[in-house]
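Read the structure below first, then the notes.
The values are calculated or read from the model by the stated rules, or taken from the named source; none is laboratory data. Since the structure is predicted, the reported quantities are computational estimates derived from the model, not experimental observations. Positions of Cβ are backbone-derived with ideal geometry, glycine not excepted, and every protein chain shown enters the neighbour counts. The accessibility values were calculated without ligands, DNA or RNA, using every heavy atom of the protein model including side chains. Shrake-Rupley method; radii C 1.70, N 1.55, O 1.52, S 1.80 Å.
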Amino acid sequence: MYDYTQALRRSEASRANGHEQTDVDIRGETWTILKGVFSPAHHNSSLAQLDLLEFPVGGSFLEIGSGTGLIAVNAGRAGCRTVWATDLNPAAVTNTALNAERFGVADAMTCVQSDLFASLTAAPLFDVIYWHSNNVWVPQDLEIKHIHELAYVDPGYDAHRRYFAEARNHVAPGGRVLIALSSRAARADLEALAEKEGQRLTGVRSAVVREPEGPVSYDLLEVVPLQDTAPHPIESRRGHP
Ligand SMILES: C[S@@+](CC[C@H](N)C(=O)[O-])C[C@H]1O[C@@H](n2cnc3c(N)ncnc32)[C@H](O)[C@@H]1O
C-alpha cells in the first residue's frame, strides 16, 4: 500500500511554497493559483487527467473538487454549454471563478462551495460528472491539519463511498460518472466500496508518468451500475514527462 505520509508531505511542501495569489504558466497560458489550492502546475496528475478526458461538447459537465478550475474552465472553453464546479475548499471555489473570468467562460459556469453534492439541490442533471479525487487512503481518525490535505487524502475513504452512492442521482439519462484515480489509491478497497453501493469501476483510459517515487499510473475510470454489463475498453496513452 502507498505510504500516505508522502501525500501529507506533498501537501505541506505545496502550502509552504505558495504566495497568496500567483500567476503560473501552464502549457503556455497564464493561470491564477491561490494559496492553499491544489496546484496543477506542481503536480502532473491534473494535466495527465485533462488529456484523458473527453468533454461533452454542447452538453453539461459537473466537476467535483475543481481546485484552480483547470478542468472545469477547459470544459467551458471546449464548448460545454453548462459547467458547474464545486469544491470543499472555499479558496478553490474563488480560484475557479477567477480563472473562469480570466478565460472568458464565467457566463457558462456556476462555482459552488460544496461537500460533494450537498449544495447542489438547485443544479440540473449532468451529461458528465467528474472528480479527480483525493484518492490516497488515510485512517478515518487521522487529524486533518489543513483543508489543503483533503486535496490528497480521504480519511477512511468516506467521501469516495458517498460519491459512489450519490453521483448517479445527479447524472442525466445516458450520462457518465467518472473518477480520476492514480496508482497511489488503494484500488481494491475502492472497488469493494463501489460494489457495496451497487456500482463498479471500469477503466476508460490510463497514462503512466515518471514521478520522483517511480512510475505512477493516472487512470480515468467510469462508475457504472452493477447491472450495466456493456464492455468499457481500457486504452493506454502516454502522459506528460
Ligand atoms: C486532487 S485535487 C484536484 C483539483 C483539480 N480538479 C485538478 O485537477 O487540479 C482534489 C480536489 O477535491 C477537493 N475535495 C476533496 N474532498 C472533497 C469533497 N468532499 N467535496 C468537494 N471537493 C472535495 C479538494 O479540495 C481538491 O481541490
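Give the calculated FRET efficiency between Glu166 and Asp107 to the nearest 0.05, with a Förster radius of 22 Å applied to their Cβ-Cβ distance.
Given R0 = 22 Å and the Cβ-Cβ separation, E is 0.20.
Could you give the nm distance between label points at Arg210 and Leu142, where each point is 7 Å from its Cα heading toward the beta carbon?
Each label point is offset 7 Å from its Cα along the Cβ direction, giving 2.8 nm.
So how far, in whole Å, is the C-alpha centre of region 1-68 from the one of region 114-143?
16 Å
Tell me, what is the FRET efficiency for Leu125 and Glu195 to the nearest 0.05, using R0 = 22 angstrom and their Cβ-Cβ distance as r?
Details: r = 24 Å, r/R0 = 1.10.
Using R0 = 22 Å, I get an efficiency of 0.35.
Over the chain, average the accessible area per residue using a 1.4 Å probe and give it in Å², no decimals. Display every interim value, and only then the final one.
On the way: 10900 Å² over 241 residues.
Accessible area per residue: 45 Å².
To the nearest 20 debye, what charge dipole does the chain have about its Cα centre, counting +1 at the Cβ of each Lys and Arg and -1 at the Cβ of each Asp and Glu?
320 debye
Counting each DSSP H run of 4 or more residues in the chain as -39500 (n - 2.57), what helix-only mean residue ellipticity at 222 nm follows after dividing by all residues, to the nearest 500 deg cm²/dmol? All intermediate terms of the calculation are to be shown ahead of the outcome.
Values: 6 runs with 63 residues, N = 241.
It lands at -8000 deg cm²/dmol.
Among all stretches of the chain without exposed GluC sites (Glu not before Pro) (DSSP loop, at most 14 other Cβ atoms within 10 Å), which one is longest?
Numbers: sites that count: Glu20, Glu54, Glu143, Glu213.
Of all site-free stretches, the longest is 55-142.
How much accessible area does Asp51 have with a 1.4 Å probe, in Å² rounded to the nearest 10?
60 Å²
Enter the mean projected area of the convex hull around the alpha-carbon atoms of region 49-114, in nm², rounded to one decimal.
On the way: hull surface 14.6 nm².
Approximately 3.7 nm², given one-decimal rounding.
With the alpha-carbon atoms as the only input, what is the per residue convex hull volume for region 68-164 in Å³? Show your work: numbers first, answer last.
Working: hull volume 9.4 nm³, N = 97.
Each residue corresponds to 97 Å³ of Cα convex hull volume.
Under a point spin-label approximation (7 Å from Cα along Cα-to-Cβ), what is the Asp51-Ala118 distance to one decimal in nm?
3.6 nm
From the residues Val37, Ala48, Gln140, which one has its Cα farthest along the dipole of the chain in the positive direction, the dipole being from +1 and -1 charges on Cβ of Lys/Arg and Asp/Glu about the Cα centre?
Of Val37, Ala48, Gln140, it is Ala48.
Carbon-plus-sulfur fraction of the accessible area of region 49-195, 1.4 Å probe, in percent?
Details: 2710 of 5540 Å².
Its accessible area is 49 percent carbon and sulfur atoms.
From the convex hull of the Cα coordinates of region 6-85, what is the mean projected area in square nanometres?
5.5 nm²
How big is the shadow of the Cα convex hull of region 114-193, averaged over all directions, in nm²?
That works out to 5.7 nm², a quarter of the Cα hull's surface.
Can you pull a Stokes-Einstein diffusion coefficient for region 10-153 at 4 °C (1.567 mPa s), Rh from Kirkwood over Cα pairs, as a whole number of µm²/s?
Result for D is 85 µm²/s.
When N counts the residues of the chain, how does its alpha-carbon radius of gyration compare numerically with 2.2 N^0.38 Å, as a ratio?
Details: Rg = 16.6 Å, N = 241, 2.2 N^0.38 = 17.7 Å.
Against the empirical 2.2 N^0.38 Å value, I get 0.94 for the chain.
Subtract the Cα-Cα distance of Asp23 and Arg187 from 0.36 nm times their separation in residues, and report this length gain in nm to one decimal.
Difference between extended and current length: 55.6 nm.
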